[in-house]
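One structure below.
The values are calculated or read from the model by the stated rules, or taken from the named source; none is laboratory data. Every value quoted in this text rests on a predicted model; they were computed, and no experiment measured them. Cβ atoms come from the backbone with ideal geometry, glycine included; neighbour counts cover every protein chain shown. Each accessible area value is taken on the protein alone, full model and side chains, heavy atoms only, with ligands, DNA and RNA left out. Shrake-Rupley method; radii C 1.70, N 1.55, O 1.52, S 1.80 Å.
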Amino acid sequence: MTSPALSGGIASHLHPGASYDVAHHPTPSGREEVWRFTPLKRLRGLLEGSPSADDLDWDVQAPDGVRISQISTADAIDLGGPAPVDRLAALSVANSGGAVRLHVPDGTELDAPVRIRLRGATPEQLVWDHLVVTIGRSAQATVVLEYEGSATYSAMVQVLVGDGAQLQLARLQLWDDDAVHTGHVGLRIGRDARVRTFSASLGGDLVRLVETTEYDGPGGQLEQLGLYFADAGQHLEHRLFVDHNAPHTRSNVDYRGALQGLGAHTVWIGDVVIRKVAEGIETYESNRNLVLTDGCRADSVPNLEIETGEIIGAGHASTTGRFDDLQLFYLQSRGIPVDEARRLVVHGFFADIVRRLGVPEIETRLMAAVEDELVRSVGLPPASAVGA
Amino acid sequence: MATLDIRDLHVSVQTEDGAKEILRGVDLTVRSGETHAIMGPNGSGKSTLAYSVAGHPKYQVTSGSVTLDGVDVLDMTVDERARAGLFLAMQYPVEVPGVSVSNFLRTAKTAIDGEAPKLRTWIKDVNTALDKMSMDRDFAQRNVNEGFSGGEKKRNEIMQLELLNPRFAILDETDSGLDIDALRVVSEGVNRFSAQGDRGVLLITHYTRILRYITPDYVHVFVAGRIAEQGGAELAERLEAEGYDRYVRAGSGAVAVGEPASS
Ligand SMILES: Nc1ncnc2c1ncn2[C@@H]1O[C@H](COP(=O)(O)OP(=O)(O)OP(=O)(O)O)[C@@H](O)[C@H]1O
Ligand SMILES: [Mg+2]
């Protein structure tokens with residue numbers, strides 16, 4: 001089965017057609033455009049697709065009105081979500097032995113976030129997952145997925161947002177530093193629906209997440225926020241694809257990353273396609289990286305394919321830099337020691353985006369996690385030597 | 001009784017064509033209790049002087065000294081200078097995204113005092129400081145200088161001056177871009193600071209209008225990287241009437257003669 005939206009005439013090498021068929025996604029050699037940044041060896045054999053019946057440990061807090069159920073893979077596919085865009089996502093569906101469906105019925109407005117904490121036991125634990133989130137027409141929901149502990153984990157997450165619905169979806173990759181997390185989060189946004197996603201990747205030896213968005217009618221709005229913080233040796237890769245396949249849709253992507261320590265590597269790919277039918281759309285994507293020490297590498301590749309000029313606006317920005325000396329000087333000139341000034345600047349860099357999440361307890365938890373990362377940077381050589 | 005002493009200060013900036021000397025031997029002594037005004041044409045080096053004393057990394061001191069009660073200031077890091085009692089209200093205050101004014105102030109106050117301010121009194125102190133500057137209390141929750149109007153940025157600087165209460169304050173064109181009410185509010189803040197009796201002020205300005213609110217004990221005319229003349233408050237009036245023309249001509253004459261860079 002091939003997703004109609006993603007195969008609709010875009011012959012982009014960046015987006016091999018979506019399909020549930022594993023054979024449709026050959027094992028990559030590492031030279032392919034979509035794989036060239038990923039250290040395949042560190043995927044711990046995920047690409048071979050060994051079956052495994054292991055699961056993460058699920059802890060679900062769900063307010064009234066949410067229905068969570070186990071469904072068969074066939075039934076999950078029948079729900080019509082975006083199909084897997086790569087081999088790991090296709091394997092996730094094929095090997096997960098069924099899916100978990102999280103459903104919020106039409107018109108239901110949840111009064112509290114759905115919080116799902118998923119915990120892995122050991123890095124050797126191989127887990128395939130398939131999750132389908134369906135938000136009914138005009139429903140309103142906040143869903144938070146928190147990943148902790150360690151595992152070798154790959155998941156297909158399909159998110160179908162009904163017409164006029166509002167969804168906030170946060171995914172927090174707070175793994176231990178030896179976890180591997182890959183897969184695909186595919187969003188389909190209904191007519192006039194509003195979706196805000198938030199992704200935070202702080203832990204993990206290797207995180208490689210593909211996030212795709214397509215629209216199911218005009219007027220849908222997407223705000224896609226993300227942060228990542230890579231320490232020595234960590235590979236954190238986020239590949240975003242927004243397909244403006246319907247008129248008057250909007251997307252706003254803002255991802256921010258920090259890197260510290262030898263071998264810290266982040267990859268951010270931001271692709272936006274504006275189809276011929278997508279008149280009157282507006283899109284902006286931004287990626288900013290703060291390089292805190294020497295020995296890090298931040299790849300940032302925004303890309304815009306425009307097939308119609310009849311739009312409100314389309315733009316992107318990508319910056320990768322070290323500390324702003326003026327900001328540090330200003331803070332220091334008020335007596336704040338340079339290490340603390342740096343910490344304050346990084347804190348601010350992320351707080352700026354975390355604040356937009358709008359879920360206070362998660363905001364607090366995330367900023368605490370950022371602080372933890374910053375504590376580790378003490379003693380590392382600064383990337384910006386004042387006076388140099 | 002404290003003294004900020006600037007002796008024969010020479011400062012260069014790095015340009016594409018090598019080092020360029022901006023300050024060419026500045027001598028200035030500010031004692032606590034005194035207010036000094038510095039006036040001078042655009043590009044004469046007033047901000048360079050302010051930044052150099054504060055320790056901005058862009059400015060390289062090639063010779064001369066700056067001491068605070070005999071202690072070498074140039075040897076200190078930027079934050080050490082602030083903790084030693086120096087404060088610079090900047091001509092162009094810097095935006096710090098994501099850092100709230102309240103968090104910034106508390107961090108600064110903690111650094112300067114060496115201990116965290118008491119939570120109960122602190123919130124009150126911040127609110128009082130905002131009130132005094134006629135700033136809405138919401139400013140405490142906004143990001144430092146982000147989206148502030150020009151005038152709001154300047155008020156924010158003087159608000160910090162009052163909260164951090166240093167020994168010496170250098171105010172770099174704090175009066176520029178202020179409306180009449182803001183000028184009064186800001187001047188009152190500076191006057192409250194001075195009224196403690198043992199604080200020194202170095203006020204860089206282009207306009208005599210602020211000197212109607214803040215009476216300087218000394219006025220210095222700054223031209224081509226050094227002080228060309230000094231006098232009392234009446235000198236400011238004369239500058240207002242006559243401009244800098246004769247100093248500039250005299251100054252450029254001196255440079256043309258090829259006076260050595262360091263005396
Ligand atoms: N990087 C640089 N390269 C070349 N010249 C520089 C550089 N930085 C500063 N200058 C020059 O140094 C001189 C002094 O600048 P400064 O900002 O100190 O002047 P100012 O007296 O404060 O002027 P204003 O009244 O306009 O604020 C100016 O002529 C400026 O162009
Ligand atoms: Mg200036």
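Listed by first and then second residue, the pairs with beta-carbon distance under 6 Å, at least 6 apart or on different chains, first residue in the stretch B:196-210 and more than 14 Å from every other protein chain (Cβ to nearest Cβ) and under 19 Å from residue B:51 (Cα atoms), second in a loop (DSSP other than H, G, I, E, B) and away from ligand 2 (no atom under 16 Å from the Cβ), are B:200/B:32; B:200/B:34. Suppose the filter is within 16 Å of ligand 2 (Cβ to nearest atom), open to solvent by 10 Å² or more (accessible area, probe 1.4 Å) and under 27 Å from residue A:331 (Cβ atoms); does residue B:54 pass it? Answer is yes for this residue. Just so you know, in the stretch B:82-91 the residues that are part of a loop (DSSP other than H, G, I, E, B) and more than 9 Å from every other protein chain (Cβ to nearest Cβ) include one that is least open to solvent (accessible area, probe 1.4 Å), and it is B:85. Take the conditions (1) within 16 Å of ligand 2 (Cβ to nearest atom); (2) outside any helix (DSSP H, G or I); (3) more than 11 Å from chain A (Cβ to nearest Cβ); residue B:94 misses just one of them, which is (3).
Which of the residues that make up the stretch A:323-364 are more than 30 Å from the chain's Cα centre (by Cα), surrounded by fewer than 24 Cβ atoms within 10 Å (Cβ to Cβ) and of a type in the set (A, V, I, L, M)? The answer is A:326, A:338. Within the stretch B:152-174, residues that are within 11 Å of chain A (Cβ to nearest Cβ) sit with their Cβ atoms under 8 Å from residues that are of a type in the set (Lys, Arg) and open to solvent by 20 Å² or more (accessible area, probe 1.4 Å), at 6+ positions apart or across chains, in these pairs: B:163/B:109; B:164/B:109; B:166/B:199. When we screen B:25, B:64, B:114 for residues that are free of Cβ contacts under 8 Å to residues at least 40 places away in the same chain, among the small types (Gly, Ala, Ser) and away from ligand 2 (no atom under 16 Å from the Cβ), the only hit is B:114.
Among the residues of this structure, residue A:319 does not count as one that is β-branched (Val, Ile, Thr) and away from every other protein chain (no Cβ under 13 Å). Only one entry of B:70, B:43 meets the criterion of being of a type in the set (Gly, Ala, Ser) and more than 16 Å from ligand 1 (Cβ to nearest atom), and that entry is B:70. A single member of B:30, B:11 is part of a strand (DSSP E or B) and within 14 Å of ligand 2 (Cβ to nearest atom), and it is B:11. Each residue in the stretch A:330-351 was checked for being touching a Pro at 6+ places or on another chain (Cβ under 7 Å), facing chain B (nearest Cβ under 7 Å) and touching a residue at least 24 places away in the same chain (Cβ under 8 Å), and 1 pass. Which of the residues spanning the stretch A:131-163 are touching a strand residue (DSSP E or B) at 6+ places or on another chain (Cβ under 8 Å), assigned to a loop (DSSP other than H, G, I, E, B) and open to solvent by 10 Å² or more (accessible area, probe 1.4 Å)? Across the stretch A:131-163, the qualifying residue is only A:162.
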